[in-house]
Amino acid sequence: MQVEKILTLGIETSCDETAASVIKGDREILSNVISTQIPVHQKFGGVVPEIASRKHILNIMPVIDESLRIANVELSEINQIAVTYGPGLVGALLVGVSAAKTLSFALNIPLIAVNHLEGHIFANFLSHKELTPPFLSLIVSGGHSALIKMNDYNNFEMLGQTRDDAAGEAFDKIARVMGLKYPGGPEIDKLAKNGNPDAIEFPIAKVDEFDFSLSGLKSAVLNYLNTAKMKNDSINNADVAASFQKAVINALVEKTIHAAKKFKFEKIVLAGGVAANSALESTLRNKCEKYGLKFYYPTKILCTDNAAMIACRGYYQSLEKNFADDRLNAVPGLGLLT
Ligand code: KG4
Ligand code: ZN
């Protein structure tokens, strides 16, 4: 079989999106179906793991069927199945892993175990057909923030990561205290557009060369809000959102540019759910232009959790015969690059 004709079915159920996708070869998306549970979890202010698992069970087969229908492909034509096995919520992951194992056994086709965070990086190959390694990637998601040296498709090195809160986590926690709806990142992003980023100076912790620390910043914002409430001072939510966002972005962008210069990378690749943040995207883009670096980030739909990125990562693993077998289990605490 010619590699460019290989059909990979991707499955993603790590959190609150049930997703399935068919890709052809390395980068051609034939379908990318995402059934989001956000409205279900919104009233609880965050994802309720037990509800997420139950919804995945209800959604997984219809979502896979829909992805095959849109791709105009029969299940029997699929050559391999790539599935997220971590990190994420254990019950949620298990739904995707069980579906993938069952289909791989029934169809007698290879199974590929994909690290969700690596998938986020690979979303960029789908958005930018011309992109090739080496590059430096900044992953900013709900659970992780890290700087990765991507030397080749299957050769990564971690330069640094968050010591405490991930970027998305900080956005979500602050939004929650401000009474904004879940998920908080996009809400802060919207609110910040009407605020003054220089209104309040929030401190950012200094840590090792390429690591991040965002919990001190988060506490400073929460203290600011609590103190203002206690004193009955009026709070300008837009200014708080813009000032907080500026502090996070400066920390992330500064380290990314420093790493790119130090290791002489020519390309910077943004990845993960927080990559959808408009101010992060524009700040990093401007800095890249200033230093003559090429900047890449995924289209909005590929920034969020999706299965096309999982299928793409899986495809590149299959080139190295990096397959799983029927003993595959969910690994909720899976780290980066494992
Ligand atoms: O990568 P992702 O889907 O989750 C994990 O894989 O962990 O990212 C979800 C995170 C959430 O914390 C969400 O609030 C944040 O991405 N997010 C944003 C924006 N859109 C999503 N954060 C800031 N600005 C946005 N526009
Ligand atoms: Zn994600």
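The values are calculated or read from the model by the stated rules, or taken from the named source; none is laboratory data. None of the values given here were measured: they were computed from a predicted structure. Glycine also receives a Cβ, built like all others from the backbone with ideal geometry; neighbour counts cover every protein chain displayed. To get the accessible areas, we keep the full protein, side chains included, count just its heavy atoms, and leave off ligands, DNA and RNA. Shrake-Rupley method; radii C 1.70, N 1.55, O 1.52, S 1.80 Å.
Computed over region 185-307, the percent of Cα pairs more than 24 Å apart is 34. Probing with 1.4 Å while keeping every protein chain in the model, the per residue accessible area of the chain equals 43 Å². Expressed as a whole percent, the accessible surface of region 251-303 that belongs to carbon and sulfur atoms is 53, based on a 1.4 Å probe. Orientation-averaged projection of region 15-112 equals 6.3 nm² [convex hull of Cα atoms, one quarter of hull surface area]. Would you mind telling me the share, in percent, of accessible area of region 61-146 contributed by carbon and sulfur at probe 1.4 angstrom? Within region 61-146, the accessible surface is 57 percent carbon and sulfur. Using only Cα atoms, find the angle between the long axis of helix 308-319 and the longest principal axis of the chain, and express it within 0 to 90 degrees, rounded to the nearest 10. Approximately 60 degrees, to the nearest 10. The antiparallel fraction among DSSP beta bridges confined to region 110-188 stands at about 100%. Principal-axis analysis of the Cα atoms of the chain puts helix 49-71 at an angle of about 50° to the longest axis. Using a simple spin-label model with pseudo-atoms 7 Å out from Cα toward Cβ, residue 322 and residue 132 lie 1.9 nm apart. Extent of region 130-261 along its three principal axes (Cα atoms, max minus min coordinate, largest first): 54, 29, 23 Å. Take every Cα pair under 8 Å whose residues are at least 6 apart in sequence, average their separation, divide by the length of the chain, and the relative contact order is 25 percent. Full extension of the chain between residue 209 and residue 254 yields a length gain of 15.2 nm, computed as 0.36 nm times the residue separation minus the alpha carbon distance. May I ask which of 24/129; 218/246; 206/294; 264/294; 24/300 have a Cα-Cα span longer than 19 Å here? Over 19 Å apart, Cα to Cα: 206/294; 24/300.
Given the pairs 101/173; 149/193; 193/229, which are separated by over 30 angstrom at their Cα positions? Check vs 30 Å cut-off fails for 101/173; 149/193.
When +1 charges are put on Lys and Arg Cβ atoms and -1 charges on Asp and Glu Cβ atoms, the dipole computed for region 29-80 relative to its Cα centre reaches about 320 debye. With a Förster radius of 51 Å applied to the C-beta separation of residue 108 and residue 44, the computed FRET efficiency comes to 0.80. Here's the picture: charge each Lys and Arg Cβ at +1 and each Asp and Glu Cβ at -1 in the chain, and of 237, 3, 30 the one pushed furthest to the positive end of that dipole is 237.
Mean residue ellipticity, 222 nm, helices only, the chain: the sum of -39500 (n - 2.57) across DSSP H runs of n ≥ 4, divided by residue count and rounded to 500, is -14000 deg cm²/dmol. Beta bridges from DSSP with both residues in the chain: antiparallel share about 60 percent, rounded to the nearest 5. Quick one: grab the alpha carbon gyration tensor of region 102-152, order the square roots of its eigenvalues as a ≥ b ≥ c, and give me rounded if a/c is under 1.5, else prolate or oblate depending on whether a/b is larger than b/c. Prolate is the answer for region 102-152, as a/c is 1.5 or above and a/b outweighs b/c. Of the solvent-accessible surface of region 2-58, computed with a 1.4 Å probe and all protein chains present, 59% belongs to carbon and sulfur.
If the chain linking residue 295 and residue 262 were pulled fully straight, counting 0.36 nm for each residue of separation and taking away their Cα-Cα distance, it would gain 10.2 nm. Coordinate range of the alpha-carbon atoms in the chain per principal axis, descending: 65, 46, 31 Å. The alpha-carbon positions of region 80-207 define a convex hull whose volume is 166 Å³ per residue.
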